[in-house]
Amino acid sequence: RAPPARHFTMHRLWIIFTQAVTVSVAVLFVVSTLKPEWTGERPALPSVTIQESTAPASVAGVRPVASYSDAARAALPAVVHIFTSKEVKAQRHPFADDPLFRHFFGDRLDNRPQQRASGLGSGVIVSPEGYVLTNNHVIEAADEIEVALNDGRKLPARIVGRDPESDLAVLQIKSDGKLKAITFGRTEQLRVGDVVLAIGNPFGVGQTVTMGIVSALGRSHLGINTFEDFIQTDAAINPGNSGGALIDTAGTLVGINAAIYSRSGGSLGIGFAIPVSLARSVMEQIIQNGSVTRGWIGVEVQAITAELADSFGMVSSEGTLISGVMRGSPAERAGVKPGDVLLAVEGRKVNDPQAMLEAIAALAPGRKAGFELRRGKEKLELKVEIGRRPALSRAD
(Lines give C-alpha, C1' and ligand atoms only; values in the text may rest on other atoms or scores of the structure.)
Protein backbone atom coordinates (compact mmCIF):
# COMPACT_ATOMS: atom_id res chain seq x y z
CA ARG A 1 0.00 0.00 0.00
CA ALA A 2 1.21 3.67 -0.54
CA PRO A 3 3.25 5.43 2.25
CA PRO A 4 1.59 8.21 4.12
CA ALA A 5 1.89 11.66 2.50
CA ARG A 6 3.43 13.16 5.65
CA HIS A 7 6.35 10.70 5.74
CA PHE A 8 7.14 11.36 2.10
CA THR A 9 7.27 15.15 2.62
CA MET A 10 9.76 14.91 5.59
CA HIS A 11 12.06 12.67 3.59
CA ARG A 12 12.24 15.16 0.71
CA LEU A 13 12.92 18.07 3.10
CA TRP A 14 15.86 16.15 4.72
CA ILE A 15 17.40 15.46 1.33
CA ILE A 16 17.13 19.13 0.34
CA PHE A 17 18.70 20.21 3.71
CA THR A 18 21.70 17.89 3.42
CA GLN A 19 22.34 18.96 -0.15
CA ALA A 20 22.20 22.65 0.82
CA VAL A 21 24.66 22.07 3.69
CA THR A 22 27.01 20.17 1.40
CA VAL A 23 26.93 22.93 -1.23
CA SER A 24 27.47 25.66 1.42
CA VAL A 25 30.48 23.86 2.89
CA ALA A 26 31.92 23.38 -0.60
CA VAL A 27 31.44 27.07 -1.44
CA LEU A 28 32.99 28.16 1.89
CA PHE A 29 36.02 25.90 1.26
CA VAL A 30 36.54 27.27 -2.22
CA VAL A 31 36.21 30.90 -1.06
CA SER A 32 38.54 30.48 1.96
CA THR A 33 41.16 28.85 -0.26
CA LEU A 34 41.05 31.15 -3.27
CA LYS A 35 39.81 34.42 -1.69
CA PRO A 36 40.66 34.35 2.01
CA GLU A 37 40.33 38.12 2.30
CA TRP A 38 36.55 37.71 1.68
CA THR A 39 36.31 35.85 4.98
CA GLY A 40 38.54 38.33 6.91
CA GLU A 41 41.25 35.70 7.56
CA ARG A 42 45.02 36.10 6.82
CA PRO A 43 46.99 33.36 5.12
CA ALA A 44 49.32 31.40 7.40
CA LEU A 45 53.09 32.14 7.07
CA PRO A 46 55.59 29.35 6.54
CA SER A 47 57.34 28.23 9.72
CA VAL A 48 60.98 29.48 10.03
CA THR A 49 63.47 28.65 12.82
CA ILE A 50 65.60 31.67 13.81
CA GLN A 51 69.02 31.05 15.42
CA GLU A 52 70.18 34.11 17.34
CA SER A 53 73.88 34.80 17.83
CA THR A 54 75.18 34.75 21.38
CA ALA A 55 78.28 36.81 20.45
CA PRO A 56 78.42 40.46 21.60
CA ALA A 57 77.12 43.01 19.15
CA SER A 58 79.77 44.61 16.95
CA VAL A 59 80.43 48.33 16.97
CA ALA A 60 80.15 50.23 13.70
CA GLY A 61 80.26 46.98 11.75
CA VAL A 62 83.66 45.95 13.21
CA ARG A 63 83.83 42.36 14.34
CA PRO A 64 84.84 42.19 18.02
CA VAL A 65 88.17 40.55 18.86
CA ALA A 66 87.61 37.39 20.89
CA SER A 67 91.23 36.88 21.94
CA TYR A 68 94.59 38.64 22.03
CA SER A 69 96.55 35.40 22.22
CA ASP A 70 98.27 36.00 18.87
CA ALA A 71 99.61 39.36 20.07
CA ALA A 72 100.75 37.89 23.37
CA ARG A 73 102.37 34.88 21.68
CA ALA A 74 104.34 37.18 19.36
CA ALA A 75 105.74 39.30 22.21
CA LEU A 76 106.13 36.91 25.15
CA PRO A 77 109.44 35.33 24.03
CA ALA A 78 111.06 38.79 23.91
CA VAL A 79 110.06 39.81 27.46
CA VAL A 80 112.50 38.72 30.18
CA HIS A 81 112.72 38.75 33.96
CA ILE A 82 115.58 40.71 35.53
CA PHE A 83 116.99 39.71 38.91
CA THR A 84 119.47 42.05 40.60
CA SER A 85 121.50 41.93 43.77
CA LYS A 86 123.85 44.31 45.53
CA GLU A 87 126.02 44.18 48.59
CA VAL A 88 124.76 46.15 51.54
CA LYS A 89 127.00 46.95 54.47
CA ALA A 90 125.75 45.53 57.73
CA GLN A 91 124.77 48.10 60.33
CA ARG A 92 127.52 48.87 62.80
CA HIS A 93 126.92 47.39 66.25
CA PRO A 94 125.82 50.14 68.67
CA PHE A 95 128.50 49.08 71.22
CA ALA A 96 131.30 48.68 68.67
CA ASP A 97 133.14 51.75 70.00
CA ASP A 98 132.72 50.88 73.66
CA PRO A 99 136.21 50.00 75.10
CA LEU A 100 134.77 47.36 77.46
CA PHE A 101 132.97 45.52 74.66
CA ARG A 102 136.03 45.75 72.40
CA HIS A 103 138.13 44.25 75.19
CA PHE A 104 135.96 41.12 75.20
CA PHE A 105 134.92 40.89 71.52
CA GLY A 106 137.84 42.57 69.75
CA ASP A 107 137.26 43.22 66.03
CA ARG A 108 134.59 40.56 65.65
CA LEU A 109 131.91 43.23 65.81
CA ASP A 110 133.36 44.83 62.66
CA ASN A 111 133.84 41.61 60.71
CA ARG A 112 130.25 40.47 60.41
CA PRO A 113 129.30 39.15 56.94
CA GLN A 114 127.93 41.67 54.48
CA GLN A 115 124.27 41.43 53.49
CA ARG A 116 122.92 41.31 49.95
CA ALA A 117 119.75 43.07 48.81
CA SER A 118 117.85 41.64 45.85
CA GLY A 119 115.41 43.17 43.41
CA LEU A 120 113.36 42.16 40.43
CA GLY A 121 111.96 43.72 37.30
CA SER A 122 111.38 43.08 33.63
CA GLY A 123 113.04 43.88 30.33
CA VAL A 124 112.56 43.56 26.59
CA ILE A 125 114.96 41.96 24.10
CA VAL A 126 115.26 44.54 21.33
CA SER A 127 117.80 42.88 19.01
CA PRO A 128 119.14 39.40 18.22
CA GLU A 129 122.54 40.62 19.46
CA GLY A 130 121.18 40.36 22.99
CA TYR A 131 120.46 44.00 23.82
CA VAL A 132 117.78 44.33 26.51
CA LEU A 133 115.86 47.55 27.19
CA THR A 134 114.64 48.17 30.75
CA ASN A 135 114.18 50.90 33.35
CA ASN A 136 117.18 52.51 34.98
CA HIS A 137 115.65 52.13 38.44
CA VAL A 138 115.46 48.34 37.93
CA ILE A 139 119.25 47.90 37.63
CA GLU A 140 120.52 51.03 39.41
CA ALA A 141 123.34 50.29 41.87
CA ALA A 142 123.18 46.54 41.16
CA ASP A 143 126.37 44.50 41.55
CA GLU A 144 125.04 41.44 39.76
CA ILE A 145 122.33 41.17 37.12
CA GLU A 146 120.76 37.95 35.89
CA VAL A 147 118.25 37.71 33.07
CA ALA A 148 115.75 34.85 32.90
CA LEU A 149 114.43 34.15 29.40
CA ASN A 150 110.96 33.00 28.48
CA ASP A 151 112.27 29.48 27.76
CA GLY A 152 113.71 29.14 31.27
CA ARG A 153 117.39 29.92 30.52
CA LYS A 154 119.19 32.24 32.94
CA LEU A 155 122.06 34.38 31.67
CA PRO A 156 124.33 36.99 33.26
CA ALA A 157 123.97 40.51 31.88
CA ARG A 158 126.24 43.54 31.66
CA ILE A 159 125.17 47.17 31.69
CA VAL A 160 125.78 48.86 28.33
CA GLY A 161 124.62 52.27 29.54
CA ARG A 162 122.06 54.12 31.64
CA ASP A 163 120.04 57.32 31.29
CA PRO A 164 118.57 58.27 34.67
CA GLU A 165 116.81 61.34 33.27
CA SER A 166 114.52 59.22 31.09
CA ASP A 167 114.70 56.22 33.46
CA LEU A 168 115.98 53.91 30.72
CA ALA A 169 118.90 51.49 30.60
CA VAL A 170 120.33 48.99 28.13
CA LEU A 171 121.77 45.60 29.09
CA GLN A 172 123.41 42.93 26.97
CA ILE A 173 123.29 39.17 27.33
CA LYS A 174 125.25 36.50 25.47
CA SER A 175 123.48 33.35 24.38
CA ASP A 176 124.46 30.30 22.34
CA GLY A 177 120.89 29.90 21.18
CA LYS A 178 118.78 32.25 19.07
CA LEU A 179 117.23 35.22 20.86
CA LYS A 180 113.76 36.39 19.93
CA ALA A 181 113.64 40.19 19.58
CA ILE A 182 110.45 42.20 19.80
CA THR A 183 109.04 44.19 16.87
CA PHE A 184 108.91 47.96 17.37
CA GLY A 185 105.61 49.74 16.82
CA ARG A 186 104.96 53.40 16.08
CA THR A 187 103.86 55.66 18.91
CA GLU A 188 102.41 58.25 16.55
CA GLN A 189 99.79 55.72 15.43
CA LEU A 190 98.63 55.09 19.00
CA ARG A 191 95.27 56.59 19.94
CA VAL A 192 93.37 57.08 23.17
CA GLY A 193 91.06 54.10 23.52
CA ASP A 194 93.33 51.61 21.74
CA VAL A 195 93.65 48.22 23.44
CA VAL A 196 97.12 47.50 24.88
CA LEU A 197 98.68 44.60 26.78
CA ALA A 198 101.24 44.92 29.58
CA ILE A 199 103.73 42.05 29.95
CA GLY A 200 106.09 41.60 32.88
CA ASN A 201 106.86 39.76 36.09
CA PRO A 202 104.66 41.36 38.79
CA PHE A 203 105.66 40.55 42.37
CA GLY A 204 107.92 37.80 41.00
CA VAL A 205 104.98 35.44 40.30
CA GLY A 206 106.14 34.82 36.71
CA GLN A 207 105.39 36.15 33.26
CA THR A 208 101.99 37.80 33.24
CA VAL A 209 99.85 39.53 30.60
CA THR A 210 97.25 42.15 31.54
CA MET A 211 94.91 44.05 29.23
CA GLY A 212 93.66 47.63 29.19
CA ILE A 213 93.34 50.65 26.96
CA VAL A 214 95.36 53.77 26.30
CA SER A 215 93.86 56.21 28.81
CA ALA A 216 95.87 59.27 27.73
CA LEU A 217 98.92 60.29 25.72
CA GLY A 218 101.67 62.84 26.37
CA ARG A 219 101.41 62.83 30.17
CA SER A 220 104.06 65.11 31.71
CA HIS A 221 104.66 67.30 34.79
CA LEU A 222 104.32 64.20 36.98
CA GLY A 223 107.67 64.59 38.71
CA ILE A 224 108.72 61.03 37.86
CA ASN A 225 111.53 61.74 35.38
CA THR A 226 113.32 64.78 34.05
CA PHE A 227 112.03 64.04 30.57
CA GLU A 228 108.39 62.93 30.55
CA ASP A 229 106.04 62.04 27.71
CA PHE A 230 104.16 59.10 29.19
CA ILE A 231 101.49 56.81 27.80
CA GLN A 232 98.84 56.38 30.50
CA THR A 233 97.05 53.03 30.61
CA ASP A 234 94.68 51.12 32.89
CA ALA A 235 96.34 47.79 32.06
CA ALA A 236 97.43 46.44 35.45
CA ILE A 237 101.08 47.34 36.16
CA ASN A 238 102.49 46.22 39.50
CA PRO A 239 105.94 46.11 41.16
CA GLY A 240 108.08 43.82 39.02
CA ASN A 241 106.42 45.01 35.78
CA SER A 242 108.88 47.90 35.51
CA GLY A 243 110.91 47.63 32.32
CA GLY A 244 108.42 45.25 30.72
CA ALA A 245 106.63 45.64 27.42
CA LEU A 246 103.47 47.54 26.57
CA ILE A 247 102.27 46.12 23.24
CA ASP A 248 99.41 46.76 20.85
CA THR A 249 96.98 44.16 19.49
CA ALA A 250 99.45 43.28 16.73
CA GLY A 251 102.08 42.31 19.31
CA THR A 252 104.42 45.23 18.53
CA LEU A 253 106.15 47.29 21.23
CA VAL A 254 104.59 50.70 21.89
CA GLY A 255 106.02 51.47 25.34
CA ILE A 256 108.22 50.44 28.27
CA ASN A 257 106.26 50.11 31.52
CA ALA A 258 107.78 52.52 34.02
CA ALA A 259 105.58 53.64 36.90
CA ILE A 260 102.19 53.48 38.58
CA TYR A 261 100.08 55.83 40.63
CA SER A 262 99.25 53.95 43.80
CA ARG A 263 98.61 54.53 47.49
CA SER A 264 98.84 50.86 48.38
CA GLY A 265 101.73 49.67 46.19
CA GLY A 266 99.38 47.78 43.88
CA SER A 267 97.66 48.72 40.65
CA LEU A 268 94.86 51.30 40.83
CA GLY A 269 94.33 51.46 37.09
CA ILE A 270 96.73 54.35 36.48
CA GLY A 271 99.99 53.18 34.96
CA PHE A 272 102.59 54.97 32.87
CA ALA A 273 104.80 53.72 30.05
CA ILE A 274 107.65 55.44 28.22
CA PRO A 275 106.69 55.69 24.51
CA VAL A 276 108.72 53.53 22.16
CA SER A 277 109.81 56.57 20.11
CA LEU A 278 111.65 58.06 23.10
CA ALA A 279 112.90 54.66 24.27
CA ARG A 280 114.33 53.85 20.84
CA SER A 281 116.14 57.19 20.57
CA VAL A 282 117.74 56.74 24.00
CA MET A 283 118.57 53.08 23.31
CA GLU A 284 120.33 53.83 20.02
CA GLN A 285 122.47 56.55 21.60
CA ILE A 286 123.43 54.30 24.51
CA ILE A 287 124.40 51.43 22.20
CA GLN A 288 126.44 53.70 19.92
CA ASN A 289 128.00 56.03 22.50
CA GLY A 290 127.44 54.47 25.90
CA SER A 291 125.43 57.50 27.04
CA VAL A 292 122.84 60.03 25.87
CA THR A 293 123.90 63.44 24.60
CA ARG A 294 121.52 66.37 25.09
CA GLY A 295 121.72 70.11 24.56
CA TRP A 296 122.25 72.61 27.40
CA ILE A 297 122.68 76.37 27.76
CA GLY A 298 123.05 76.83 31.54
CA VAL A 299 119.99 78.71 32.79
CA GLU A 300 117.50 78.27 35.61
CA VAL A 301 113.86 78.81 34.72
CA GLN A 302 110.43 79.00 36.29
CA ALA A 303 106.85 79.15 35.07
CA ILE A 304 105.20 82.54 34.68
CA THR A 305 102.07 82.73 36.82
CA ALA A 306 99.54 85.55 36.72
CA GLU A 307 100.87 86.86 40.05
CA LEU A 308 104.46 86.77 38.78
CA ALA A 309 103.49 88.61 35.60
CA ASP A 310 101.80 91.35 37.64
CA SER A 311 104.76 91.76 40.00
CA PHE A 312 107.23 92.08 37.09
CA GLY A 313 104.89 94.28 35.05
CA MET A 314 104.86 91.82 32.16
CA VAL A 315 102.49 92.49 29.29
CA SER A 316 101.57 88.77 29.09
CA SER A 317 102.25 85.47 30.83
CA GLU A 318 103.46 83.61 27.74
CA GLY A 319 106.94 82.13 27.70
CA THR A 320 109.26 80.97 30.48
CA LEU A 321 111.05 83.25 32.96
CA ILE A 322 114.84 82.90 33.15
CA SER A 323 115.51 83.28 36.85
CA GLY A 324 119.25 82.58 36.77
CA VAL A 325 122.19 82.27 34.37
CA MET A 326 125.27 80.20 35.22
CA ARG A 327 128.66 81.85 34.96
CA GLY A 328 130.61 80.90 31.87
CA SER A 329 127.62 79.07 30.42
CA PRO A 330 126.57 79.24 26.73
CA ALA A 331 123.64 81.45 27.74
CA GLU A 332 125.86 83.99 29.52
CA ARG A 333 128.27 84.12 26.57
CA ALA A 334 125.35 84.81 24.22
CA GLY A 335 124.05 87.70 26.34
CA VAL A 336 121.08 86.08 28.09
CA LYS A 337 120.29 87.80 31.43
CA PRO A 338 118.20 86.92 34.50
CA GLY A 339 114.70 88.35 34.11
CA ASP A 340 114.57 87.67 30.39
CA VAL A 341 111.54 85.73 29.16
CA LEU A 342 112.24 82.98 26.65
CA LEU A 343 109.47 82.82 24.05
CA ALA A 344 110.77 80.35 21.45
CA VAL A 345 113.73 78.11 20.57
CA GLU A 346 114.39 77.65 16.86
CA GLY A 347 110.84 78.83 16.18
CA ARG A 348 109.33 76.35 18.65
CA LYS A 349 107.26 78.15 21.29
CA VAL A 350 108.00 77.37 24.93
CA ASN A 351 105.16 78.04 27.35
CA ASP A 352 106.51 76.28 30.42
CA PRO A 353 109.83 75.01 31.84
CA GLN A 354 109.22 71.43 30.69
CA ALA A 355 108.70 72.52 27.07
CA MET A 356 111.87 74.60 27.25
CA LEU A 357 113.85 71.71 28.72
CA GLU A 358 112.76 69.37 25.94
CA ALA A 359 113.35 71.93 23.17
CA ILE A 360 116.92 72.65 24.28
CA ALA A 361 117.74 69.00 25.06
CA ALA A 362 116.77 68.05 21.52
CA LEU A 363 119.44 70.35 20.04
CA ALA A 364 122.85 68.96 19.12
CA PRO A 365 125.77 70.36 21.15
CA GLY A 366 128.11 72.59 19.17
CA ARG A 367 125.52 74.15 16.88
CA LYS A 368 124.15 77.69 17.17
CA ALA A 369 120.40 78.00 17.68
CA GLY A 370 118.06 80.97 17.47
CA PHE A 371 116.42 82.10 20.73
CA GLU A 372 113.55 84.57 20.87
CA LEU A 373 113.37 86.51 24.14
CA ARG A 374 111.50 89.42 25.67
CA ARG A 375 113.44 91.86 27.86
CA GLY A 376 111.05 94.34 29.38
CA LYS A 377 108.90 95.46 26.45
CA GLU A 378 111.58 94.74 23.86
CA LYS A 379 111.88 91.52 21.85
CA LEU A 380 115.35 90.13 21.15
CA GLU A 381 116.78 87.53 18.78
CA LEU A 382 119.97 85.85 20.05
CA LYS A 383 122.16 83.07 18.69
CA VAL A 384 123.28 80.68 21.42
CA GLU A 385 125.90 77.98 20.93
CA ILE A 386 124.48 74.82 22.46
CA GLY A 387 126.59 73.03 25.07
CA ARG A 388 126.42 69.45 26.28
CA ARG A 389 124.03 68.78 29.13
CA PRO A 390 125.87 67.62 32.26
CA ALA A 391 124.77 64.32 33.71
CA LEU A 392 121.72 64.61 35.99
CA SER A 393 121.73 68.40 35.70
CA ARG A 394 118.50 70.11 36.57
CA ALA A 395 119.48 73.38 34.88
CA ASP A 396 118.73 73.96 31.25
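Looking at (1) open to solvent by 40 Å² or more (accessible area, probe 1.4 Å); (2) modelled with pLDDT of 90 or more; (3) out of contact with any Ser or Thr (no Cβ under 8 Å at 6 or more places or on another chain); (4) not in a strand (DSSP E or B), find the lone condition where D151 falls short.
For D151, the exception is condition (2).
What number of residues within segment 251-271 satisfy the criterion of being modelled with pLDDT of 75 or more, open to solvent by 40 Å² or more (accessible area, probe 1.4 Å) and either out of contact with any Phe, Trp or Tyr (no Cβ under 7 Å at 6 or more places or on another chain) or not in a loop (DSSP other than H, G, I, E, B) (or both)? So that I can check it myself, show each step before the final result.
Within segment 251-271, the subset modelled with pLDDT of 75 or more is 251-261, 268-271.
The next check asks that each one be open to solvent by 40 Å² or more (accessible area, probe 1.4 Å); those that pass are 260-261, 268, 270.
Remaining after also requiring either out of contact with any Phe, Trp or Tyr (no Cβ under 7 Å at 6 or more places or on another chain) or not in a loop (DSSP other than H, G, I, E, B) (or both): 260-261.
Qualifying residue count for the region: 2.
Among (1) assigned to a loop (DSSP other than H, G, I, E, B); (2) within 29 Å of K180 (Cβ to Cβ); (3) out of contact with any helix residue (DSSP H, G or I) (no Cβ under 9 Å at 6 or more places or on another chain); (4) open to solvent by 10 Å² or more (accessible area, probe 1.4 Å), where does N238 come up short?
Single failed check for N238: (3).
Please indicate, with yes or no, whether at least one residue in segment 162-182 is among the hydrophobic types (A, V, I, L, M, F, W, C), open to solvent by 40 Å² or more (accessible area, probe 1.4 Å) and within 18 Å of the chain's Cα centre (by Cα). Write out each step before concluding.
The first filter runs over segment 162-182 and keeps only residues among the hydrophobic types (A, V, I, L, M, F, W, C), leaving 168-171, 173, 179, 181-182.
Now drop any that are not open to solvent by 40 Å² or more (accessible area, probe 1.4 Å), which leaves none.
Among the residues of segment 162-182, not one is among the hydrophobic types (A, V, I, L, M, F, W, C), open to solvent by 40 Å² or more (accessible area, probe 1.4 Å) and within 18 Å of the chain's Cα centre (by Cα), which makes the answer no.
A quick yes/no check of all residues on (1) under 21 Å from S281 (Cβ atoms); (2) surrounded by 15 or more Cβ atoms within 10 Å (Cβ to Cβ):
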{"position": "V301", "(1), (2)": "no, yes"}
{"position": "S311", "(1), (2)": "no, no"}
{"position": "A334", "(1), (2)": "no, yes"}
{"position": "L357", "(1), (2)": "yes, yes"}
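Among (1) closer than 13 Å to P330 by Cβ; (2) touching a Phe, Trp or Tyr at 6+ places or on another chain (Cβ under 8 Å), where does E381 come up short?
Checking E381 against (1) closer than 13 Å to P330 by Cβ; (2) touching a Phe, Trp or Tyr at 6+ places or on another chain (Cβ under 8 Å), the one that fails is (1).
So, in segment 183-218, of the ones that are under 30 Å from I145 (Cβ atoms) and β-branched (V, I, T), which residue ends up nearest to the chain's Cα centre (by Cα)?
V196
I'd like the residue in segment 202-225 that is within 26 Å of Q285 (Cβ to Cβ) and free of Cβ contacts under 8 Å to residues at least 60 places away in the same chain and, out of all such residues, is most open to solvent (accessible area, probe 1.4 Å).
As a first pass, look at segment 202-225 and keep what is within 26 Å of Q285 (Cβ to Cβ): 217-225.
In the following step, the residues that additionally are free of Cβ contacts under 8 Å to residues at least 60 places away in the same chain were identified as 217-219, 222-224.
Working: L217: 72, G218: 42, R219: 98, L222: 71, G223: 74, I224: 74 Å².
Out of the qualifying residues, it is R219.
Taking only segment 125-136 into account, find how many residues are in contact with a strand residue (DSSP E or B) (Cβ under 8 Å, 6 or more places away or on another chain) and surrounded by fewer than 20 Cβ atoms within 10 Å (Cβ to Cβ). Walk me through it before giving the result.
Of all residues in segment 125-136, those in contact with a strand residue (DSSP E or B) (Cβ under 8 Å, 6 or more places away or on another chain) come to 125-126, 129-136.
Right, trim to surrounded by fewer than 20 Cβ atoms within 10 Å (Cβ to Cβ) and you get 129-130.
Qualifying residue count for the region: 2.
Of the conditions (1) closer than 19 Å to E378 by Cβ; (2) of a type outside the set (D, E, K, R); (3) open to solvent by 50 Å² or more (accessible area, probe 1.4 Å), N289 satisfies every one except a single condition; which number is it?
The one condition N289 does not meet is (1).
On the basis of being open to solvent by 10 Å² or more (accessible area, probe 1.4 Å), in contact with a strand residue (DSSP E or B) (Cβ under 8 Å, 6 or more places away or on another chain), in a strand (DSSP E or B) and on the phi < 0 side of the Ramachandran plot, does I199 make the cut? Talk me through it step by step, then tell me what you get.
Working: open to solvent by 10 Å² or more (accessible area, probe 1.4 Å): no; in contact with a strand residue (DSSP E or B) (Cβ under 8 Å, 6 or more places away or on another chain): yes; in a strand (DSSP E or B): yes; on the phi < 0 side of the Ramachandran plot: yes.
Judged against the criteria, I199 is not a match.
The values are calculated or read from the model by the stated rules, or taken from the named source; none is laboratory data. Being a predicted model, the structure only gives us computed values, none of them experimental. Note: ideal-geometry Cβ built from the backbone for every residue, glycine included; neighbour counts use all protein chains shown. For accessibility, only protein heavy atoms count, side chains too; no ligands or nucleic acids. Shrake-Rupley method; radii C 1.70, N 1.55, O 1.52, S 1.80 Å.
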